[in-house]
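Enquirer: Take a look at the following structure, please.
Just so it is clear, none of the values below were taken in a lab; they were calculated from the coordinates. Quick caveat, the model's predicted, so the values are computed rather than measured. Backbone-built Cβ (ideal geometry, glycine too); neighbour counts: all protein chains shown.
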Amino acid sequence: MSNQKKNIPTFLLNSNDLENLLGFIYNQEDLLKQFGGIKLQLNSDCKLSLKKRRKNLNLRPMKVNVIQSNMNKCIYEVNSSSLSSTDQCVEMNDPNKFWHSLSNCKDKSQPLNISFASDVSFFARRKSSLSFDLNRIPNESLLKLVKKKKWKDQCIEGVRRAHGPGSIFPLTCGKQRLFRLDYHHEGGNHHWYIIPHSQRDRLQKLINNCNYCLDHGQIFVDPSILDQHEIRYFHCIQQPNEFVVFSAGSLCQSFSTNSSWSESVVFALPSWIVEGHASSLPTCQCQTNSFHSIDYTLFTTELIHKYIQTSLNLQTSFHLHSLDLSQQQQQQQQQQDTTSLQDLTFDETNEIFMDLLSNCDYDYDLLSFDKDSVCIDLYFTQA
């Protein structure tokens, strides 16, 4: 592994953050786009709506291996015809040893050693707002505007099982490039490698000669090749009771340090439409008929704005006194104690406001300005 490996941002959530999780994620979209994902840890006051697990789950095993590509030794193909052994040969002490031992496995192949149960969740339908149910997220996201139940039901991806050390989850993208929220229930840590959407074209050009699909779990990529070609990616160690949020269009893959249980859902925020992710349908020949593409033309500008205002509730009014003035500005105000805002022209007052805002640690859009009440309305995100 290279020194270029960087970790994604981590946030500690309280119960209010968890209850309004989509609003919290929406506020972090700039970071999500930059890193491809963020990790969420839970404070002690956060309550999850979990249920007892069935002992005999109907798991769908992935009876396939990853095998080193003939075209590039740093790329591993997911190939069912290569299944010749179920023995794990990788070391789990750290990522460096994992990738080194993977490249030196017998026959250059390794079983995925994972299973899925798409119709199973360990979250119970919540009975109060005090506990969090992962499966409510799709219907509270922009997808709540979709009326067809089959579209929303397929956003609940179900439970995943890693059966032992070195279990591999190949490179994937969220269905129809949606956002994805992943929760780690228990077991070994998950090492995630996340490639932001901004780097997708560079990776696609790198593997064009191999005709690989990036979206549907067809390859597993040694990050050393990303370093060689200066393709930006980020690392994350996800422990039990932690969430990882993946941005729309980002690519991700992982391996586990031991047996584990996890599950995920996909969801939408306005940028999924505005930035064109929804309309970027895959051009590969993978068998994805089980997923019914969501009709993105249903999401009109008017409906998106209404969703932001009613469901995310991020437009806030601030009075002048809530802005943090610098010491120099305060001294200037004291020297001008005989002058009030009401005595100034509109242009003079506007200049004062703009000077104050330029020293504020937020990006903002000025929505309205009322000089008489000395109040401005801002739509802002933390810079």
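Enquirer: How do 179, 220 rank when sorted from fewest to most other Cβ atoms within 10 Å of their own Cβ?
Expert: Lowest to highest Cβ neighbour count: 220, 179.
Enquirer: Quick one: order 281, 31 by neighbouring beta-carbon count within 10 Å, fewest to most.
Expert: Least crowded to most crowded, the residues run 281, 31.
Enquirer: In what order do 25, 273, 304 fall by count of nearby beta-carbon atoms within 10 Å, going from fewest to most?
Expert: Ordered by Cβ neighbours within 10 Å, fewest first: 304, 273, 25.
Enquirer: Right, next: When the scattering of region 212-268 is computed by the Debye formula from its Cα atoms alone, each counted once and equally, what is log10 I(q)/I(0) at q = 0.19, 0.26 Å⁻¹?
Expert: Once normalised to I(0) and log-transformed, intensities are -0.94, -1.44.
Enquirer: List the pair-distance distribution P(r) of region 8-81, using every Cα-Cα distance, as the percent of pairs falling in each 5 Å bin from 0 up to the bin containing the longest distance, rounded to whole percents.
Expert: Cα pair-distance distribution for region 8-81, in percent: 3, 12, 13, 11, 8, 12, 17, 15, 8, 2, 0.
Enquirer: Rounded to whole Hz and in sequence order, give me ³J(HN,Hα) for region 166-174 from the Karplus expression 6.51 cos²θ - 1.76 cosθ + 1.60, θ = phi - 60°, writing x for Gly and Pro.
Expert: x, 5, 10, 10, x, 5, 9, 10, x
Enquirer: Would you mind estimating how fast region 6-305 diffuses translationally, via Stokes-Einstein at 37 °C and 0.692 mPa s with the Kirkwood radius over Cα pairs, in µm²/s?
Expert: Numbers: Rh = 19.7 Å.
Estimated diffusion coefficient is 167 µm²/s.
Enquirer: Just report the Cα centroid separation between region 243-260 and region 2-47, whole Å.
Expert: 14
Enquirer: Something else about it: Report ³J(HN,Hα) in whole Hz for each residue of region 237-246, in order, from the Karplus equation J = 6.51 cos²θ - 1.76 cosθ + 1.60 where θ = phi - 60°; Gly and Pro get x.
Expert: My calculation for region 237-246 gives 9, 9, 9, x, 6, 10, 9, 10, 9, 10 Hz in order.
Enquirer: What is the calculated FRET efficiency for residue 228 to residue 284, with r their C-beta to C-beta distance and R₀ = 22 Å, to the nearest 0.05?
Expert: Details: r = 24 Å, r/R0 = 1.11.
The pair residue 228/residue 284 has a calculated efficiency of 0.35.
Enquirer: OK, next. At R0 = 35 Å, how high is the FRET efficiency between residue 140 and residue 201 if r is their beta carbon distance? Nearest 0.05 is fine.
Expert: So the FRET efficiency works out to roughly 0.65.
Enquirer: Let me test this: with uniform point scatterers at the alpha carbons of region 125-268, what is the Debye-based log₁₀ I(q)/I(0) at q = 0.10, 0.12, 0.21 1/Å?
Expert: These q points yield log10 I(q)/I(0) values of -0.37, -0.53, -1.34.
Enquirer: Taking the mean number of other Cβ atoms within 10 Å as a proxy for protection, how do you rank 180-188, 64-72, 116-124 from highest to lowest?
Expert: By packing density, highest mean first, the sequence is 180-188, 64-72, 116-124.
Enquirer: Under a 5 Å amide H to amide H cut-off, with H placed in plane at 1.01 Å, what residues pair with residue 50 once short-range neighbours are removed?
Expert: Long-range HN contacts for residue 50: 124.
Enquirer: For residue 11, list long-range residues whose amide hydrogen, built 1.01 Å from N in the peptide plane, is under 5 Å from its own amide hydrogen.
Expert: Long-range HN contacts for residue 11: 39, 40, 41.
Enquirer: Moving on to the next point. Please list 12-18, 48-54 highest first by mean number of surrounding beta-carbon atoms within 10 Å per residue.
Expert: Details: 12-18: 15.6, 48-54: 12.9.
Going from most to least packed, we get 12-18, 48-54.
Enquirer: With a ≥ b ≥ c taken as the square roots of the eigenvalues of the C-alpha gyration tensor of region 120-207, please select rounded if a/c is under 1.5 and otherwise prolate if a/b is larger than b/c or oblate if it is not?
Expert: Because a/c hits 1.5 or more and a/b fails to exceed b/c, region 120-207 counts as oblate.
Enquirer: Listed highest first by mean packing, meaning other Cβ atoms within 10 Å per residue, what order do 165-174, 144-153 come in?
Expert: 165-174, 144-153
Enquirer: Still on this structure: Take the residue pairs 47/148; 39/175; 97/175; 175/205; 73/205 and return only those whose Cα atoms are more than 26 Å apart. Don't skip to the answer; put the middle values down first.
Expert: Values: 47/148 30 Å; 39/175 20 Å; 97/175 31 Å; 175/205 22 Å; 73/205 17 Å.
Violating the 26 Å limit, Cα to Cα: 47/148; 97/175.
Enquirer: For region 29-38, in order, what is each residue's ³J(HN,Hα) by Karplus, 6.51 cos²θ - 1.76 cosθ + 1.60 with θ = phi - 60°, in whole Hz (x at glycine and Pro)?
Expert: 3J(HN,Hα) across region 29-38, in whole Hz: 5, 4, 5, 4, 5, 5, 9, x, x, 9.
Enquirer: Roughly speaking, what is the stretch gain from residue 107 to residue 54, that is 0.36 nm per residue apart minus the C-alpha to C-alpha distance, in nm to one decimal?
Expert: 15.4 nm
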